[in-house]
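What follows is calculated from the coordinates using simple rules that are stated; it is not laboratory data. Quantities reported herein were computed from a predicted structural model and do not represent experimental measurements. Reconstructed Cβ throughout: ideal geometry from the backbone, glycine too, with neighbour counts over all protein chains shown.
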Amino acid sequence: MSAAAHPAAPHPAVRVLGGPTTVFEYGGLRFLTDPTFDAPGDYQRPGRPLLTKTAPSAAQPADLGPIDVVLLSHDEHADNLDDSGRALLAGVPLTLTTPDGSRRLGEGTRGLADWESAELDRPGGGTVTVTGVPAIHGPGARADVEPVTGQVVGFVLTGEELPTVYVSGDNASLDAVREIAGRFGPVDTAVLFAGAPRFPVLFGGAPIVLDSAMAAEAAAILGARRVVAAHCDSWAHFTESREDLTAAFAAAGLADRLQPAG
């Protein structure tokens, strides 16, 4: 259901834990995005650039209580799924992720292709629908980007008398955002991964996730009533901060839509 259908629908309380990791309740279910709880330090996976985590998570898995569903935009990068996050998945009933990621992670996971949906039973009756939506982890066409940075998925959550929530995942494509807005907009809450991460060896140093100005443009395209900024702190390759994001939203006349930090 869209914001137009339910203009008074309450926003879910989204807590940003650091990097791409957020936790929120929706339709009586508790969701966690891209779990990253390892300590600050250097992390490198075979064939991937070195990643340096600069700050600890605001909470650890033991602090969170039961999680019903993990929304995992992709599993291949340590700044989206680290060792602690991977261990957490074993105790979560369902992880929704990319089709490739589901094949790698196995039991307890389900891959969602673009526009494919999973129906989840709500504790009090009814369902929550989680739809996989396009995400491109770098500049340019998906066919050129995926061989370099891998397959990524975003998510849209809907349900009867519930707000529409969009979780972008590691997406750098405003064209993908326009597709999503065409099907689901306006949205009530957009959890946008930003931070303008860059690597000199990838795509000429162009951002591989939204930069601050692009995040503000994405919010406008989506008609988002509220934006929660994630993925803009705690890693050295994130080249724009939460302060940069705040300034970009102010410049775009959207400051009132951005959830304050904390």
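Largest first, the extents of the alpha carbon coordinates of the chain on the three principal axes equal 46, 44, 36 Å. Sort region 117-262 into rounded, prolate or oblate with this rule: let a ≥ b ≥ c be the square roots of the eigenvalues of the Cα gyration tensor; rounded if a/c is under 1.5, and if a/c is not under 1.5, prolate when a/b is larger than b/c, oblate otherwise. Note, shape of region 117-262 comes out oblate. For PRO12, the shell of other residues with beta-carbons less than 14 Å away shows a net charge of +1, using +1 for Lys and Arg and -1 for Asp and Glu. Contact order, relative form, for region 98-215: 20 percent (alpha carbon pairs under 8 Å, 6 or more residues apart, mean separation divided by residue count). Taking K and R as +1 and D and E as -1, what net charge do the other residues with C-beta under 15 Å from the C-beta of GLY91 add up to? Surrounding charge for GLY91 is -2. Residues whose amide H lies under 5 Å from that of LEU94, counting only those 5 or more places away or on a different chain, are VAL70; hydrogens are built 1.01 Å from N in the peptide plane. Looking at the chain as a GNM with Cα springs under 10 Å, which of ALA87, ALA224, ALA113 has the largest mean-square fluctuation? Largest GNM mean-square fluctuation: ALA87.
Defining a contact as two alpha carbons under 8 Å apart and six or more residues distant in sequence, what relative contact order in percent does region 15-257 show? With pairs under 8 Å counted, the relative contact order is 16 percent. Stokes-Einstein diffusion for region 141-189 at 10 °C, viscosity 1.306 mPa s, with a Kirkwood radius from C-alpha pairs, works out to 133 µm²/s.
Count the net charge of all other residues whose Cβ sits under 11 Å from the Cβ of THR149, scoring Lys and Arg as +1 and Asp and Glu as -1. Its environment carries a net charge of -2.
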